[in-house]
Ligand code: PEP
């Protein structure tokens, strides 16, 4: 299992170092049965990398460029992130799909760049509230998978994250049968596309210490992607220690 903490647009360098130190302090190595990764903003990556050196925590970036190099002011490439110590990169988070109008094709390019740079992409997919109400959730996710997952993905080089958009930051979560239905569909999609179906699939959306135990009981769950609660070191660590 992987428990991933997406810090989004939070923390300056000092705060990021402090937050990562508090997570390290709260995690009891002996009782930890999962991998933990944190995703600070670009400018904090180097400092956080030094803080988590020789600990159980891995480093990831919240995004990368669709480009490999060149005249793309403000972009950061997958290769640069690998060079900074990242193991993972989140691509296709709904806040970028919606807020930055990123297409499935952009996400596929980012995921391919990550693979070429030896970074593990965490490719996010998720339906909005209207898609779910209209009974189109499975169809919408299938299209995102068709168009944004590289066909050479496998359990060692890629991770998927199912994040219903309506559950992110809202306090609402799908019941376990809806999560299981989606995880099963994704497994089936991987098999149908001759892609390793043991790829880890994370769930993300309003996870906290009160609902994590129930979510962990989902069959085929490969871990969690956590936003808000990843900024609360004790609660985040408590969830990590529940994983097995
Ligand atoms: C996210 O943004 O990926 C997320 C899961 O956020 P939250 O946990 O705050 O819902």
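As a length-normalised measure over Cα pairs under 8 Å and 6 or more apart, the relative contact order of the chain settles at 23 percent. Each part gets one Cα centre, and for segment 201-229 versus segment 1-41 those centres are 16 Å apart. For the chain, adding -39500 (n - 2.57) for each run of n ≥ 4 DSSP H residues and dividing by the number of residues yields -11500 deg cm²/dmol at 222 nm.
Estimated from the Cβ-Cβ distance and a Förster radius of 25 angstrom, the FRET efficiency linking residue 14 and residue 238 is about 0.55. Note on segment 1-69: the C-alpha convex hull projects to 5.3 nm² when averaged across all orientations.
For segment 52-167, the spread of Cα positions along the three principal axes, ordered from largest to smallest, is 45, 37, 26 Å.
Shape summary of segment 123-244, radius of gyration then Dmax from alpha carbon positions: 14.1, 41 Å. With q set to 0.10, 0.13, 0.17, 0.18 Å⁻¹, the log10 of I(q)/I(0) for the chain, from the Debye formula over equal scatterers at the Cα positions, is -0.43, -0.74, -1.33, -1.49. Comparing 159, 195, 38 in a Gaussian network model of the chain (Cα springs below 10 Å), the most mobile by mean-square fluctuation is 195.
Each of the peptides 16-22, 57-63, 72-78 was scored by the mean count of other Cβ atoms within 10 Å over its residues; in descending order, highest first, they stand as 57-63, 16-22, 72-78. Sorting the segments 129-137, 114-122 by their residues' average number of neighbouring beta-carbon atoms within 10 angstrom, most packed first, yields 114-122, 129-137. Comparing 223, 85, 188 in a Gaussian network model of the chain where C-alpha atoms under 10 Å apart are linked, the largest mean-square fluctuation is found at 188. Contact order for segment 1-43, expressed relative to its length and based on alpha carbon pairs under 8 Å spaced 6+ residues apart, stands at 75 percent.
Here segment 30-117 is treated as an ellipsoid with the same Cα gyration tensor; its semi-axes, largest first and in whole Å, are 24, 15, 11.
Extension gain for the segment residue 22 to residue 146, taken as residue separation times 0.36 nm less the Cα-Cα distance, is 40.7 nm to one decimal.
With the convex hull drawn over the C-alpha atoms of segment 163-230, the volume per residue is 80 Å³.
Values quoted throughout were computed directly from the atomic coordinates according to the rules given, and no laboratory measurement underlies them. Values in this document were obtained by computation on a predicted structure and should not be read as measured data. Cβ coordinates were reconstructed from backbone atoms using ideal geometry, including for glycine residues, and neighbour counts include every protein chain displayed.
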